[in-house]
Every structure is written in C-alpha cells, then in structure tokens.
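The values are calculated or read from the model by the stated rules, or taken from the named source; none is laboratory data. Everything quoted here is computed from the prediction, not taken from an experiment. With ideal geometry, Cβ positions are generated from the backbone for all residues, glycine too; neighbour counts draw on all protein chains shown. Quick note on the areas: whole protein, heavy atoms, side chains included, nothing else; ligands and nucleic acids left out. Shrake-Rupley method; radii C 1.70, N 1.55, O 1.52, S 1.80 Å.
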Amino acid sequence: MRRRGSSLSSKEKKVHFNEDHRKTSSFYASSRKVFLFCLGFRALNSLLVQTYFNPDEHWQALEVAHRIVFGYGHLTWEWKEGIRSYLHPLMFAVLYKLLAFLKLDSPWFMMKAPRLFQSIFSSIGDLYLYRFSRRLFGERIAQWALFCQLSNWFMFFCITRTLSNSVETVLTIMGLFYWPSFNSHSQQDAMASRKLALIIAAVACAIRPTSGILWLYLGLVHLFETHDKVKFLFLEVFPIGGFVLMITYLLDWYMYGARTFVPLNFLKFNFLSSGGDYYGTHKWHWYFTQGFLAMLFTFLPFSAIGIWKSKEWKLSGLIAWVLGLYSFLGHKEFRFVLPVLPLALIFSGYTLAVMEIPSDAKLKRSQDKSQKSFCLRGPLIQKVVVFILLLTNVPMALYMSLVHQRGSEDVMAFLAKEAVEGKVASTIFLMPCHSTPYYSTLHHNLPMHFLDCSPSNEKGYVDESEQFASDPAGFASNLLRNLSSPSHVVLFDSHEMHLAPILSLHSYRLIKRLFHAHFKVDRELQASVLIYAREVQ
C-alpha cells in the first residue's frame, strides 16, 4: 500500500534494465568505497583549483576566520552591518586553530588547507547525490549521476572553493535525501528522516538565508501531501527552525559583541532595499538564457531529456522554482544557483543510463512507453556521448581551475614567501577592490591597503575603486603622496601605462609580472598582475 506523500512512485519511475545492467560492481555496492573514491577525487580537485573566482571565497570566509584565530584580518562592510553569520567562517577558524597548534601555518598550507578541508564536505555531497539518485531511480542511474557530478566543469571549478554556496549545496543534497517527498520509508522512519532533513535545512538557511527559497518550495509541496499538517508545522518546522535560529543568534551575538539578528539584516539589505544591485545587475532571464546554461554546458540537452523522460516533476519543479525566484533579484551570480546544479546533473545521469540499453532490448517493464520511445540509445551511442561530455568538460574544468584568473592567487603566494624572508614591509593594491586574497593568504601582520568599494547611502558618494577607475594616475599620485610609501605596489597591466611613470617617479621598479587571464571578464583585459617594489635609497 503506497503511503501518501511519498514521491515514489519511485518504483514506477525507476528504469528497469536487463539482468546484465542490474548487476553492479562491489565498488558501487559499498557507500564507503564510493565516499573514499569521491574524497580522493575532490582532494585532487581542490589542489588543482589555483585560480580566483569570487571574492567571497576569501573575504567572507577565510579572512574572517583568520581574524578570529590570529587576531588580524580585514572585515568587510557586511560584517560591520551584521548581514553575515559567523557560523560558516567558524568552520575554517577550527582548521586554522589546528594548523597553528601543529605549527603548519606556512604559506603553502594557508593556501591549500582550506580547499582541502572543503573537499571533505564536497565528497560528502557527492556521496549523498549518489545515494539520493539511487533512491529515486535505482543503482545504474545513480552511477551515471555520480559520473555527471564529477565530470561537470562547473562543479569541478566551484564545489571545493570555500564559498558558503558550496556548503549550502552539500546540505541541500543531504536534506533532499532525507526529505519524505523523495523516500518510501515506513511512517515511523519517515518522521525521523523528516526531522533530520529539517535540521539540515535550518543549518543551510542559517549559513545562507537565501536557502530558504529552496526549502520553501519543498515545505509547501510536503504540506500539501501530508496528512499531519499541524504536527509538521507546529511540532517540527517551527521548533526545529526556532532552535537552530536561536543557536545561531546566540553565536552571532557573542561574536559581534552586540545583539545582531543576521537573517533580518540580510533580508533588509538584499530584498527590501535591493542592496545587492550595487555590485551589478543582469536581465531577469539571465539564469535561463546564460547563467545556468553555462554551468550545465554540454550536459544541458541530456538534463532536459532526463527531466522529460523521468517524469520526476517535483525535482525538476524545484530547479525551475529556484531559477525563477532568483530571476526577480537584480544582482545575479553563477554561485547563487549552485545548489540546484547537482539536481540537473542527476537528470543527465538518467539519460545516460537509458542510453545504455540497446534499442532492441526488452525492458523489464514492457508497459514503460516513455522508455521505449527513446530511440537514441545503445552502447555505441552512449560511448560517443560520454566521449563528447568529457572532451568538452575536462579541458574547460582544467582551464578555468588552473589558468583563467590565476594571477590574483599567485601574487599573494609570492608576497607571502617574500614576507617570510622579510622583504615586504607594506603593500598597496591599485586594482579594483577585492581583486586578490588578503591576510588569510599573506599570513603576516603587515600594513596593507586596498581600494574600498563599500556601498553608501550618501548621495553622490563615489567609492575609492570607482575614483581610481575614472582617473588612475591622479588617484595613485594622491594616494602615494598621502600614505607613507609602501614597500610594494600591486596592479593589473591594464593600468601599467598610466601608473608606470608615477611609480618610477616614486622610486618603484617592476620586480614580477604574473600571468592572469587570456580574455576579459567584466572589465578591460587584465592579462597580468604586476608587482612593483620600492628601491632602497
């Protein structure tokens, strides 16, 4: 007898293969082996990520954690306004504390350890994606879903970075695995599973309040399905959510040193005042026409086919819901919709698994017309598709992780080594704000200055970063005149023509040119990062 509220109909939706395809290797039969494989893969993944992607990876996580543990580090305006919770940075504060205790806080470890630490969480996410796919569609599709997860270029590029979005993505997959709409446990087990899913959801929302968009959809769907609506709301959702909210509130109160209700401050800035628009806006359709499509890349057609053929409308509806609601926000970024990328890749795995069946093979369930109508299948076709996916995603993943915008990371690694040798006294960054990591990578308490770009309610206010962009030479001259001369100046080569004469006038010479990028992103081409050092008279 099917319990109302269970998705599954999963028994009706699983693809039933011939006995050959139903026999799986002992490797996949063990979740432990799957996890260990994913752990090794993500550890290597983290070491191969050597480029700069988003400032928040450093400035909203590692920089804060470094300040907590070592007593110095820059707090951006978000921490002064109380719109960030300390819950996420504290994860890395524990790591830094361990490195300091073991006396391993060298430049190499300070750069690599956080992403290696994040790779542990990423591999847990991979394991739960495999388990979730197996619950939905069966073993063989779970294997192909995991393949899609590990080979997708954007997951490789982003999931081991120390962004709160990366942790949010892992928690999302874990929560979905335990969510009652997607499992067929007994009623008692389903209740325990639901409570665990709600705890995970609450933690995800505490780390990133926007995760509530995703869990609102799941909560509304389950509220419609379940018989015990009152119990679900008043004995589970509100108590569990309230308890996690209280814990994070007390944590932030302690860390901020004042009563700070982060979710409310976050809501006011990002939704009620559109504060995020200060950092740029996109057209409403950007996620549907550019952003999410670029993340899926060549997996896109296979995800679309999998959505249509699997008929798993709740899960595909979740993807559409998240993309749709995020489209209402002016400020858009790839990482905002990272939590639903694994879901789209599950559907790609569904398509690849179906392709594995020869076109003339008899299906276990002959009445499954949706499978019989899918004629583009067979081992040869599947191998061609896999080859195309690897041929397009692997080079993309390696290029974006090893090459594109690596100068921002390399410059701090260089300065950190120079600082160990006592060659750096102070540094100024004449480049757009937050273009490089900061103290969390340098790991030396030396005077540094970057161009501020904090938003302001002051009418006509122009931040330092914009002032520099409009008049690089004039701004640099005033800054060098008013500041005690730093020992090092860092800039992009796009400003070299304007700044080289001024730096030469102040006795600076070029000591290092580091490759950064082959093509521009949102500004003029920034091909190299330059380091100038002041000559000792």
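So the values come out like this:
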{"read-out": "Region 391-416: number of residues that are in contact (Cβ under 8 Å) with a residue 24 or more places away in the chain and surrounded by fewer than 14 Cβ atoms within 10 Å (Cβ to Cβ)", "value": "2"}
{"read-out": "Filtered residue count, region 102-117, keeping only those that are in contact (Cβ under 8 Å) with a residue 24 or more places away in the chain and part of a helix (DSSP H, G or I)", "value": "8"}
{"read-out": "Yes/no for Ser528 being surrounded by fewer than 21 Cβ atoms within 10 Å (Cβ to Cβ), farther than 15 Å from Asp410 by Cα and small (Gly, Ala, Ser)", "value": "no"}
{"read-out": "Subset tally (residues that are touching a residue at least 60 places away in the same chain (Cβ under 8 Å), open to solvent by less than 20 Å² (accessible area, probe 1.4 Å) and assigned to a helix (DSSP H, G or I)) for region 177-191", "value": "4"}
{"read-out": "Residues satisfying the stated conditions in region 477-517, i.e. assigned to a helix (DSSP H, G or I), open to solvent by less than 60 Å² (accessible area, probe 1.4 Å) and either of a type in the set (Ser, Thr, Tyr) or modelled with pLDDT of 90 or more (or both)", "value": "Ser477, Asp493, Ser494, His495, Glu496, Leu499, Ala500, Ile502, Leu503"}
{"read-out": "Tally of residues being touching a helix residue (DSSP H, G or I) at 6+ places or on another chain (Cβ under 7 Å), part of a helix (DSSP H, G or I) and of a type outside the set (A, V, I, L, M) across region 261-291", "value": "8"}
{"read-out": "So Ala100, is it small (Gly, Ala, Ser) and under 21 Å from the mean Cα position of the chain (by Cα)", "value": "no"}
{"read-out": "Looking only at region 207-220, and only at residues there that are open to solvent by less than 20 Å² (accessible area, probe 1.4 Å), part of a helix (DSSP H, G or I) and touching a residue at least 60 places away in the same chain (Cβ under 8 Å), the one that is nearest to Tyr249 (Cα to Cα)", "value": "Ser211"}
{"read-out": "Yes/no for Tyr287 being open to solvent by 60 Å² or more (accessible area, probe 1.4 Å) and farther than 14 Å from Tyr350 by Cβ", "value": "no"}
{"read-out": "Only listed residue being under 18 Å from Leu352 (Cβ atoms), hydrophobic (A, V, I, L, M, F, W, C) and either touching a strand residue (DSSP E or B) at 6+ places or on another chain (Cβ under 7 Å) or crowded, with 24+ Cβ neighbours inside 10 Å (or both), chosen from Leu150, Leu146", "value": "Leu146"}
{"read-out": "Matching option when the condition is in contact (Cβ under 8 Å) with a residue 60 or more places away in the chain and out of contact with any Pro (no Cβ under 7 Å at 6 or more places or on another chain), among Ser310, Ser273", "value": "Ser310"}
{"read-out": "Residue match in region 143-165 (condition: under 14 Å from the mean Cα position of the chain (by Cα), β-branched (Val, Ile, Thr) and assigned to a helix (DSSP H, G or I))", "value": "no"}
{"read-out": "Complete set of residues in region 237-253 that are hydrophobic (A, V, I, L, M, F, W, C) and either buried (at least 18 other Cβ atoms within 10 Å of the Cβ) or touching a Gly at 6+ places or on another chain (Cβ under 6 Å) (or both)", "value": "Val237, Ile240, Val244"}
{"read-out": "Boolean, Gln50 is under 26 Å from Val529 (Cβ atoms) and either in a loop (DSSP other than H, G, I, E, B) or open to solvent by 20 Å² or more (accessible area, probe 1.4 Å) (or both)", "value": "yes"}
{"read-out": "Index of the failed condition, Arg32 passing every other in (1) touching a helix residue (DSSP H, G or I) at 6+ places or on another chain (Cβ under 6 Å); (2) of a type outside the set (Asp, Glu); (3) open to solvent by 40 Å² or more (accessible area, probe 1.4 Å)", "value": "(1)"}
{"read-out": "Residue in region 79-94 that is farthest from Leu442 (Cα to Cα), counting only those that are assigned to a helix (DSSP H, G or I) and open to solvent by 20 Å² or more (accessible area, probe 1.4 Å)", "value": "Glu81"}
{"read-out": "Residue count for region 443-462, restricted to those that are part of a strand (DSSP E or B) and either charged (D, E, K, R) or open to solvent by 50 Å² or more (accessible area, probe 1.4 Å) (or both)", "value": "1"}
{"read-out": "Filter result for the condition that a residue is surrounded by fewer than 19 Cβ atoms within 10 Å (Cβ to Cβ) and part of a loop (DSSP other than H, G, I, E, B), over Ala258, Ala304, Ala294", "value": "Ala258"}
{"read-out": "Any hit, region 463-475, residues being under 21 Å from Leu75 (Cα atoms), part of a loop (DSSP other than H, G, I, E, B) and at pLDDT below 90", "value": "yes"}
{"read-out": "Phe429 crowded, with 16+ Cβ neighbours inside 10 Å, in a strand (DSSP E or B), touching a residue at least 60 places away in the same chain (Cβ under 8 Å) and not assigned by the TED database to the domain that holds Trp59", "value": "yes"}
{"read-out": "Pair list, Cβ < 7 Å and 6+ apart or interchain, from region 192-203 residues that are within 12 Å of Val244 (Cα to Cα) and touching a residue at least 12 places away in the same chain (Cβ under 8 Å) to residues that are in a helix (DSSP H, G or I) and of a type in the set (D, E, K, R)", "value": "Leu198/Glu236"}
